[in-house]
Every structure is written in C-alpha cells, then in structure tokens.
Amino acid sequence: MGLTKQSTGIEMLKKEFEIELESSDDIVVALAGNPNTGKSTVFNSLTGLNQHTGNWPGKTVSNAQGKYIFKDNQYVLVDLPGTYSLLANSVEEEIARDFICFGKPDATVVVTDATSLERNLNLVFQIIEITDKVVVCVNLMDEAKRKNISINLKRLENILGVPVVGTSARNGEGLEELKNTIKKVACGEIKTNPKKIIYDKNLENAIKEIQSHVQTLVGDKIDSRWMALRLIDGDYKLLKLMNDYINFDISKDEFLNKKLKSISINFEKENFKSEDLKDHIVSSIIKVGEDISKEVVTFQNKDHNEIDHKIDNILTSKIFGIPIMIAILGLVFWITIEGANAPSDLLAKGLFWIEAKLSNIFKFINTPNWLHDMLVLGIYRTLAWVVSVMLPPMAIFFPLFTLLEDLGYLPRVAFNLDYYFKKAGAHGKQALTMCMGFGCNAAGIISCRIIDSPRERLIAIITNNFVPCNGRFPILISLASIFIVNSTGIFRSLTATLSVLTSIVLGVVITLFISKLLSRTILKGLPSSFTLELPPYRKPQVGKIIVRSIFDRTLFVLARAVIVAAPAGLIIWAMANLIIGDASLLTHCAQFLNPFAQLLGMDGYILMAFILGLPANEIVIPILIMSYMSKGSMLELNSLLEMKQLFINNGWSWLTAICTMLFALNHWPCGTTLLTIRKETQSWKWTLISFLVPTITGIIICFIVAQGVRFFW
C-alpha cells in the first residue's frame, strides 16, 4: 500500500529541494553515507538508468535522484552528498542534514562500510538522533569476508534499534532485502526504537530543561531532543533554517531564551565550556561507536590491510609516487591516442559518407549552392569533425579514468600532489579535478564541486584549462610528430605520447604557479584542510564503468560541444566565403592580427584558427588547413607529410610549431568549458576571469619564448 503525504510536504520537497515527485504516493528515500562506502553503487544498482543529476538549489553540489518500482510502489531515491558527519562544517554536511531534517523523507538509508564499521557508526548515530525512520545498510560485505572480518548484523540491529541489512551492492547481493526493509520502514510496518546517545550529566540535564518546551513549539515537525541539543550547541545556521522551513523563530520565545542563558551560566559554573560542547558531543558518539564495534565486529586476521599498506608504501612514497603516477598517466594517454585512431577514422568516414548523401539530396531538390554550402559544408561538416575527433578519445579516456577511480588509485594521486597544491595556496582535491580535465576541461570544471571552499573551488576552475584536454591532443600530437621528431609507426605514437606527457608536466607546473598567484592576489586566503581517505583497493567492475563513463561523462560533454559547434560552423563558413575586395573576411582578419601574432611566434591565420576554434579545439587544425589553401570549407590532408609541406610553404619553422603548441596549452577555454564555468559559478565575472587568465598567460609565455629564441638564435 502506498504512502500518502500532505500537500505541504510535497510542495516543500518540490520547491525547496527540487525533488521530482510524480504523485503523492511516491515514497521518498534519502541515501546517506560516508565517502567510499559504495553509496553510489547502491544508488546505481537500485535505480539503474532511471536517474538524473542536477545541483541542489543555490549550491554547486550534485543532486542525484533516481526512481525504482518495488511491489507496486514508486520510490524516489535521493543520493545525498557523501559526508562524515552532520555538524554542518561543509556545504555537503549542510545539504545532508537539511534534507533529512526538513525534507522529511519517508525513510533514510545510511550506507556503511563493513570493513570500517566503527568509523561509519558516527554518522549513523547523528542521523538516528534526527529521525527514527532509518535503515542501516552494511555494504561491502564481500570485501569484509575477503579480509576475514565478520559482523553480527542481528546483534547490531538489536543494539541500534533500527533495521540492519548486509549488502554487496557491486554483486547485487542483499538489495532485494534492502528494498523490502525500506518499504516496511517507510510504510510503518516496522516500528523502530533508535538507541539514544547518553551525554555528560550536565548536558543531559540541560536537554531535559528545555526539551518539553521545544516539543510544544515544534510538535512532530522535528525531533525535540535533537533540536534541544542543537539549541544548546548554538547552531545559529540551523536556527535560521528552522525559521525558513517550519516558521520557528527562537528570538521571539522569551522563555526559551532565558533557559538557554541559564544553561550557559550553569555550564560556566561547572567548568563545562560552551566552546568545547561540539567536541564533547562528537567524542561521546565516537565512544559509543567504538563499544558497539567491539561487540559486533570480529577480526580473524588483524593484518587484513597489510597488502594495501605495502602497495601504498610504494605508490605514495616520496621517491616512487610521482614517477609511477606519471608512468600510469602516460600509459593511459598512449592507450587513448593509439586506440582512438581507428575509431576516429571509421567514424569520420561514416559521417562524411552521410555528408556526400546530404549533398546529393540538396542537388536533387535544386537547392541554391550557398544554402547547400552553408548547411552541409559549414554546419554539418563542423559537427562531423567535432564528433569524429572528440568521441573516440573520450570514449576511451573516461572509462580508463573511471577504472583508476574504481580501483582506488585516484585518491593516491591526490595524496601525492597535495603537498604541492598546499604550497600553491590551493586545495589538495584540485589534483583530482585537474586529472579529470585531461579527458575534458568541462568535466574537470564540473568535478570541482568536490572542493568545499568557494575560494579554492574558483582557483581550481580558473586553472583547470592549463591541463590539455583530448581536444588539444590532435594539435600537440600532429605538430610534435612533424616538427619536433619526424617519425612514423610505433615511434610516432611514442613521440606523440611523450609530447602529450611533456605538455601535461608543463601544464601542472603552470597550474601550480597561477594557483599561487591567484591565492596571493584576487583570491587571497589560507588553504583549507580536508580529510583524504585512502580507500581499499577494489576489483573494478568493467561493465558498470563503461556504462557510467559513457553516459555520465562522454555523452554529456559531447552534447554540450555539439550545441556550441553548430552555430560556430556557420560563422566559420561565412568568414571563409564572404569576399571583401579580393580576399575573404577570414583573410582580412588574419592579416589584421598578423603583426601581433608574429610577436608570439605565430601568424595571423594560426591566431584566427584558435579564435574560430572556440567551440572545440578539435577543429583548429582543419580551419588552419582551410585558411592556407584558401578554400571555403574545412579540410583534412591525407598525410602528415602533406601537412608539414603546407605549413612550411606558409612560413612555418620549428619555432612556429613550439609557439603554437604552447598557445594550444595556454589559451582561452573552449565554448563548452565556458558554458560549464558559467553554470558552475553562476557568475559572468568569474567566467570572464576564467577566459582572461589562461589567455594572458599564453600570450606572455609565447612572447617570451619567441623573442628569446630570436634574440639568442
């Protein structure tokens, strides 16, 4: 039987938390848990592909929602941000607390890690203090079994007073029992009796003093004991939210204010300092968690993490950590570069075969040449180029990147680079967002949501463009292959990989330098601390990795690129075909920019190719070839030798190639990335700054290199 909500509750869910309910019978389930507990795996396993991701209202933190049907009821599963507590020290903690507190979900599932249950119980107790409609999901039972860790789930359930279900979400084990238990808790078939934390005598007396009065004020809208504890703790952010959500304004209640002042005075008399109250609350919860863990968890092998520790001693060591990281990234890029060649060619042939058919259709219906050229050779050809060049590398890189993530290696990358980012005044998590930028800078910008500090998040967003995305790989690879090392076959792919790796190292150095500069100027501040958990190494699930990376990252980014590329194709065609005097508009613009471009070691056509390549870096080289050959549409040459000869005939040297590669590494973000920055920052000001910082940096670097070589050579 379904669960009926009051209309006010539905309105709040839709308006304040943007939860998509199809009817009043939908059952809303909150999914909470620490990071690295497999919470997202539980979410994906329950909802499948019936999910969508947006932002929490007014926040830049992801809001993932999904739906599933169980026994004729529809369940709306809300994946709350992974957090270690609900004490509102970060945006993620605020969101999780506010939704559980004021969103009034019909049930809250707390996902815990079977291999680290003691630490996870901290969040469990904080949640059951707020609501009694809780299901504890002890996930990763398969890993616990592999490490010879046994958990008495029945005993744990009796102690906590709420249902406990063991699962191995990666294998689908226990999920049916979990769904059944959620149904029973949400529909009231299971009456829970959550264990309450007993605090210090002074604190317990203080809670008793005001709890009954709080109960009369808030009724059943919120747990009165938890509310009393928060009032005593002086959580002023929460007090404001209470006024917003449940019309409870503490400032207007004289009796409650007098009681709170009296409690504060009594605390001082007993040497129970108010500023230490939060620490006392947390330590009490941790102590109870330790006692329960000792009672229900049995370690048959005390050294169950020894292998992980031995691997970490190598992967995170000061000597081997960075070289191994570079080698692994090099391997990923080599696989991406080599693997993308054949699919790109095949996709290009298919798309350009369609182009030929479209041309035949236009000719058959006697369409004017200008309309055919504009639509087919302009818009369609640009789209075909973007898709054929972007899709295969992303379809390879993102699954490989997600594989490293699933394996547990990416947190080790953040650990290795944390020291350097701290020195630069940035956040250690920026290392992860930077790595995501290798696949696509737009995806890297989105991943900056994991950084709590707004100042450090902005630094990560502004500097993400300094690492080359796969759209810039063709420029770097082509120019490195024909001007830096003239090689073919396997040597060409190795040369290409080394050129990309060198660009990455240079990009990281520039990222650190600019981060330091920003933290000393427009984004002053001290780097914040954060908890970096090194999760256990896990066997990746290849099938789910491919599906997740293709749908969540590859197609998402490609869709944005296509939206930007279509109108850009029209502009490129118009500039190449609009003749003024004896030359095209494109040629006039290139000649105008040429003096400035020469100072940077390039020419006007190269600079125009980068400007017209704003929608996607993949089309820079085709635009350049079109410009040099004075054609009306983008072209591709049959071999690198032809490209080299064309470039040399137009005045290129190895210095031109070097400066072009440097500018490819350091120039304005592509259109897709700019749209993403605007969406993530909700500010045109920071979007403009994100455009100007890499552009000015690229101009300065190219000028110094070009003039330096000309002076000394």
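Judged by the gyration tensor of its Cα atoms, with axes a ≥ b ≥ c, the stretch 274-411 is prolate; a/c meets the 1.5 cut and a/b is the larger of a/b and b/c. For VAL76, the residues whose modelled amide H falls within less than 5 Å of its own, excluding neighbours fewer than 5 places apart on the same chain, are ILE27, VAL28, VAL29.
Between ILE354 and MET629, the simple label model (points 7 Å from Cα in the Cβ direction) yields a spacing of 2.2 nm. Gain on full extension, evaluated as 0.36 nm per residue between PHE711 and LEU599 minus their Cα-Cα distance, stands at 39.1 nm. Taking 21 Å as the limit for the C-alpha separation, the pairs LYS104/LYS133; LYS154/LYS183; LYS145/LYS287; LYS67/LYS191; LYS39/LYS179 exceed it in the case of LYS145/LYS287; LYS67/LYS191.
Taking amide H as placed 1.01 Å from N in the peptide plane, the amide H of VAL138 sits under 5 Å from that of THR112, VAL165, GLY166, THR167, each at least 5 places away or on another chain. The smallest convex shape that holds all Cα atoms of the chain, its convex hull, gives 196 Å³ per residue. The helix-only estimate of mean residue ellipticity at 222 nm for the chain, built from DSSP H runs of length n ≥ 4 each weighted as -39500 (n - 2.57), is -19500 deg cm²/dmol after division by the residue total. Principal-axis analysis of the Cα atoms of the chain puts helix 201-218 at an angle of about 80° to the longest axis.
Between the C-alpha center of the stretch 650-675 and that of the stretch 226-240 there is a gap of 54 Å. With R₀ fixed at 22 Å, the C-beta to C-beta distance from LYS145 to GLU176 puts the FRET efficiency at about 0.70. Annotation: per residue accessible area for the stretch 379-426 equals 29 Å², rounded to a whole number [probe 1.4 Å, protein chains only]. In a reduced charge model with +1 at each Lys and Arg Cβ and -1 at each Asp and Glu Cβ, the stretch 254-409 shows a dipole moment near 540 debye about its Cα centre.
With the charge dipole of the chain set up from +1 on Lys and Arg Cβ and -1 on Asp and Glu Cβ about the Cα centre, the Cα lying farthest toward the positive end among the listed residues PHE272, ILE365, LEU501 is that of LEU501. For the chain, the longest principal axis of the Cα atoms and the long axis of helix 277-296 meet at an angle of about 80 degrees.
Shape verdict for the stretch 553-620, please, from the Cα gyration tensor: rounded (a/c under 1.5), prolate (a/b greater than b/c) or oblate. It is oblate, given that a/c is not under 1.5 and a/b is not larger than b/c.
Taken along the Cα-to-beta-carbon direction at a fixed 7 Å, the label points for VAL547 and GLN591 span 5.9 nm. The magnitude of the dipole of the stretch 167-265, with charges of +1 and -1 set on the Cβ of Lys/Arg and Asp/Glu and taken from the Cα centre, is near 100 debye. Projecting the Cα atoms of ILE701, LEU586, ILE621 onto the charge dipole of the stretch 578-704 (Cβ charges, centred on the Cα centre) puts ILE701 farthest toward the positive pole.
Extents of the stretch 369-523, largest first, come to 56, 40, 33 Å (Cα atoms, principal axes, whole angstrom). When the convex hull of its Cα atoms is viewed from all sides, the stretch 255-302 shows a mean projected area of 5.3 nm². Rounded to the nearest 10 degrees, the angle from helix 454-463 to the longest Cα principal axis of the chain is 20 degrees.
The modelled label-to-label distance between ILE361 and LYS221, using points 7 Å beyond Cα along the C-beta direction, is 5.9 nm. Using the Cβ of GLY321 as centre and a radius below 12 Å, the other residues enclosed give a net charge of 0, where K and R count +1 and D and E count -1. If I model the stretch 259-339 as equal point scatterers sitting on the Cα atoms and use the Debye formula, what is log10 I(q)/I(0) at q = 0.18 Å⁻¹? Scattering profile of the stretch 259-339, log10 relative to I(0): -0.89.
The alpha-carbon of LYS644 sits under 17 angstrom from the alpha-carbons of these aspartates and glutamates, leaving out residues fewer than 8 places away in its chain: ASP603, GLU636.
Within the same chain, lysines fewer than 8 places from LYS423 are excluded, and of the rest, those with a Cα less than 27 Å from its Cα are LYS318, LYS516, LYS524, LYS685. Restricting to the chain, compute how many DSSP beta bridges are antiparallel as a %, nearest 5. Here the share of antiparallel DSSP bridges comes out near 50 percent. A simple charge model with +1 on the Cβ of Lys and Arg, -1 on the Cβ of Asp and Glu and nothing else charged puts the dipole of the chain at about 740 debye relative to its Cα centre. The alpha carbon gyration tensor of the stretch 587-713 gives principal lengths a ≥ b ≥ c with a/c of 1.5 or higher and a/b no greater than b/c, which makes the shape oblate. A simple packing score, the average count of other Cβ atoms within 10 Å per residue, orders the peptides 145-151, 605-611, 509-515, 335-341 as 605-611, 509-515, 335-341, 145-151, with the highest score first. The share of C-alpha pairs in the stretch 342-433 whose separation exceeds 20 Å stands at 59 percent. 3J(HN,Hα) along the stretch 700-713: 5, 5, 5, 4, 4, 5, 4, 6, x, 5, 5, 6, 8, 7 Hz, from the Karplus curve 6.51 cos²θ - 1.76 cosθ + 1.60 with θ = phi - 60°, whole Hz, x for Gly and Pro. For the pair the stretch 311-352 / the stretch 91-162, the C-alpha centres are spaced 37 Å from each other. Of the residues VAL110, VAL136, LEU153, the one whose Cα sits farthest toward the positive end of the charge dipole of the stretch 62-158, with +1 on the Cβ of Lys and Arg and -1 on the Cβ of Asp and Glu, is LEU153.
The values are calculated or read from the model by the stated rules, or taken from the named source; none is laboratory data. Small disclaimer: the values here were computed from a predicted structure and weren't measured. No Cβ is skipped: glycine too gets one built from the backbone with ideal geometry, and neighbour counts run over all protein chains shown. Heads up: the accessible areas ignore ligands, DNA and RNA and are worked out on the full protein's heavy atoms, side chains in. Shrake-Rupley method; radii C 1.70, N 1.55, O 1.52, S 1.80 Å.
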